[in-house]
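K.L.:
Below: one structure in structure tokens.
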Amino acid sequence: MKRIGVLTSGGDAPGMNAAVRAVVRKGIYHDLEVYGIYQGYHGLITGQIEKMEVGSVGDIIHRGGTILRSARCKEFKTKEGRQKGVEQLRKRGIEGLVVIGGDGSYRGAQALTELGFPCVGVPGTIDNDIPGTEFTIGFDTALNTVIDAVDKIRDTASSHERTFVVEVMGRNAGDLALWAGLSAGAETIVIPEDPVDMESIKSRLIKGHERGKKHSIIIVAEGVMGGNEFAQKLEEATNFDTRVSVLGHMQRGGSPTAVDRMLASRLGARAVELLIAGKGGRAVGIKRNQLVDYDLAEALALPHQLDLDIYRLSKELSI
Ligand code: ADP
């Protein structure tokens, strides 16, 4: 392998830049030419491809977003679209591709691999919803963003003795809500992995009030329902004065934490090692702080597993 490409795709996540940097530098370190593909699969199809140098990825390790930009591309879901992408790569002599993104991007990488073009997936999403890896790049940063926001909301909730519903991202996964809820000491965490039980939420809130709690924070994962909808249901059930905060896209931005920079650097470099070893159709991940790689297609067939021990603990500590 002499030339490889790298792209970022789907929802952006803090730490994607650190992963791009790792792919470019690790590739150049091993005498490869590395090409950056702009705007994800859209740029692949339209040929927005540029050779990267060591300096092209200078001064980006601490920056959120992605210098390669990201996109969603319907055309890539068609075989013709993917063939156009492969032609763009072959025309430039690129022989392998690192795809940094979420599970949708992984499906694209798998489909390209099936067309005979080797791809390696690097998990980049704040949702932490990719099977086969305990953590995804961006999750830790988003988690810290949410915790910071909830700590602030707690101050005002406490002053006014209010109940706050905080809606957090995560698509269909409850990881961000759960980890943020536990770390920020939320009274209740509502995640898609467990059906909403309004009666039990109500009795927890009442119990808290009875023992003199001045405020309550309820974290609701977007995969359950919107924060406003949830607050309305809660008010109907309890008559508590409830306010809503929808954190929204701020969760996707910001300078990556050390944890995400480390993860991105290690995973990006490992992806290049796999391509050099001729191993396409793989995804990289982390388990018990060890790097792992596994079959893309197998991983895509597995459901994402939330850590239920953490969920149980969150209930035990928020009595
Ligand atoms: P994420 O990677 O964050 O999950 P998306 O689900 O939007 O984000 O996927 C990103 C892009 O990956 C899509 O816009 C599309 O171009 C490509 N993609 C998604 N699913 C497939 C698929 N089944 N086959 C080919 N490409 C896909």
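The values are calculated or read from the model by the stated rules, or taken from the named source; none is laboratory data. These numbers come from a predicted model, not from an experiment. Every residue, glycine as well, gets a Cβ built from its backbone with ideal geometry; the counts of neighbours run over all protein chains shown. For the accessible areas, the whole protein counts, side chains as well, though only heavy atoms, and no ligand, DNA or RNA atoms are used. Shrake-Rupley method; radii C 1.70, N 1.55, O 1.52, S 1.80 Å.
K.L.:
Report the Cα centroid-to-centroid distance between segment 66-141 and segment 1-19 in angstrom, as an integer.
P.N.:
9
K.L.:
First compute the accessible area of the chain with a 1.4 Å probe, then give the percent of it belonging to carbon and sulfur atoms.
P.N.:
Answer for the chain: carbon and sulfur cover 48 percent of the accessible area.
K.L.:
While we're looking at this one, here's another question. Using bins 5 angstrom wide from zero, how does P(r) for segment 192-319 break down, in % of all Cα pairs?
P.N.:
2, 7, 12, 14, 14, 14, 10, 10, 8, 5, 3, 1, 0
K.L.:
Report the full-extension gain for the segment residue 159 to residue 183: residue separation times 0.36 nm, less the Cα-Cα distance, to one decimal in nm.
P.N.:
Result for the pair: 6.5 nm of gain on full extension.
K.L.:
Based on the Cβ-Cβ distance of residue 54 and residue 301, what FRET efficiency does E = 1/(1 + (r/R0)^6) give at R0 = 30 Å, to the nearest 0.05?
P.N.:
The value I calculate is 0.20.
K.L.:
I've got another one for you. Extent of segment 258-300 along each principal axis, from alpha carbon coordinates, in Å, largest to smallest?
P.N.:
If we take the Cα atoms of segment 258-300, the spans are 29, 22, 14 Å.
K.L.:
In debye, nearest 20: dipole of segment 27-185 around its Cα centre with unit charges on the Cβ of K, R (+) and D, E (-)?
P.N.:
700
K.L.:
Grab the eigenvalues of the alpha-carbon gyration tensor for the chain, scale each by 5, take roots, and send me the semi-axes largest first in whole angstrom. Mind dumping the intermediate values first?
P.N.:
Details: eigenvalues 339, 63, 54 Å².
Three semi-axes, in Å: 41, 18, 16.
K.L.:
Moving on. Output the 0 to 90 degree angle, nearest 10, between the alpha-carbon long axis of helix 308-317 and the longest principal axis computed from the alpha carbons of the chain.
P.N.:
Tilt relative to the chain: about 30 degrees.
K.L.:
Is it possible to state the helix-based mean residue ellipticity at 222 nm for the chain, with each DSSP H run of 4+ residues giving -39500 (n - 2.57), the sum divided by total residues, to the nearest 500 deg cm²/dmol? What is it?
P.N.:
-13500 deg cm²/dmol
K.L.:
What order do you get for 68-78, 276-286, 196-206 when each peptide is scored by the mean count of other beta carbon atoms within 10 Å, highest first?
P.N.:
276-286, 68-78, 196-206
K.L.:
Amide H neighbours of residue 137 under 5 Å, counting only residues 5+ apart in sequence or on other chains, H built in-plane at 1.01 Å?
P.N.:
Residues meeting the criterion, in which the H sits 1.01 Å from N, are 124, 125.
K.L.:
Continuing with the same structure: Can you list residues from other chains, or at least 5 along the same chain, whose modelled amide H is less than 5 Å from the amide H of residue 167?
P.N.:
220, 245, 246, 247
K.L.:
Given +1 on the Cβ of Lys and Arg, -1 on the Cβ of Asp and Glu, and no further charges, what dipole in debye does segment 1-48 carry about its Cα centre, rounded to the nearest 20?
P.N.:
140
K.L.:
To continue, here is another question. Can you tell me the accessible area per residue over the chain, all protein chains present, probe 1.4 angstrom, in square angstrom?
P.N.:
44
K.L.:
Next question, about the same structure. Once the piece of chain linking residue 240 and residue 78 is laid out straight, how much longer is it, given 0.36 nm per residue of separation minus the C-alpha distance between them? List each step's numbers first, then the result.
P.N.:
Details: separation 162, 0.36 × 162 = 58.32 nm, distance 5.03 nm.
Gain in length upon complete extension: 53.3 nm.
K.L.:
Can you give the accessible area of residue 31 in Å² (nearest 10), computed on protein heavy atoms with a 1.4 Å probe?
P.N.:
Surface accessible to solvent at residue 31 totals approximately 130 Å².
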